Amino acid sequence: KVFSYISWGGWDNIYSFEIFSKDGTKGKAMELLAKQLNILHENTFAFGDQLNDLPMIEYANDGVAMLNAREEVKIKANNITKKDNNEDGVVSYLEDLNLL
């Protein structure tokens with residue numbers, strides 16, 4: 001397979017399909033960027049809420065699902081934020097770790 005896809009949505013009977021190269025995921029991009037910037041894997045975080053975020057969540061040392069994330073994302077994540085996207089969940093999570 002050269003391409004893969006993720007289907008998601010289902011709001012008002014409208015479904016979305018994201019088609020991508022098998023090597024063109026957010027996880028692969030994060031891995032490449034970390035290597036180029038000499039960032040150790042143990043220093044990587046990823047935050048996500050949708051299925052297209054799964055490769056990034058799975059790659060990161062700390063893969064974090066947003067509170068409002070799909071269940072499939074929450075299951076794969078190491079942690080879940082206490083607040084959702086609209087409540088600055090990422091900032092709150094990092095503040096709780098004393099990283100901000």
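Looking only at segment 70-93, how many residues end up being assigned to a helix (DSSP H, G or I) and either touching a residue at least 24 places away in the same chain (Cβ under 8 Å) or acidic (Asp, Glu) (or both)?
Residues in segment 70-93 being assigned to a helix (DSSP H, G or I) and either touching a residue at least 24 places away in the same chain (Cβ under 8 Å) or acidic (Asp, Glu) (or both): 8 in total.
Select from segment 74-90 the residues that are at pLDDT below 95 and over 24 Å from residue 35 (Cα atoms) and write down the one among them that is least open to solvent (accessible area, probe 1.4 Å). Outline the logic, then answer.
From segment 74-90, those at pLDDT below 95 are 84-90; that's our starting set.
Add one more test, that the residue is over 24 Å from residue 35 (Cα atoms), and what stays is 84-89.
Values: 84: 37, 85: 72, 86: 147, 87: 95, 88: 103, 89: 2 Å².
Within segment 74-90, the match that is least open to solvent (accessible area, probe 1.4 Å) is 89.
Among the residues of segment 35-69 satisfying the criterion of being among the acidic types (Asp, Glu) and under 19 Å from residue 99 (Cα atoms), which is farthest from the chain's Cα centre (by Cα)?
This residue is 42.
Residues that are modelled with pLDDT of 90 or more, β-branched (Val, Ile, Thr), loosely packed, with under 13 Cβ neighbours inside 10 Å and not in a strand (DSSP E or B): does segment 56-67 have at least one?
No, that holds for no residue.
The values are calculated or read from the model by the stated rules, or taken from the named source; none is laboratory data. Keep in mind that this is a model prediction, so the values were computed, not measured. Positions of Cβ are backbone-derived with ideal geometry, glycine not excepted, and every protein chain shown enters the neighbour counts. Please note that ligands, DNA and RNA were not included when accessible areas were found on the heavy atoms of the full protein model with its side chains. Shrake-Rupley method; radii C 1.70, N 1.55, O 1.52, S 1.80 Å.
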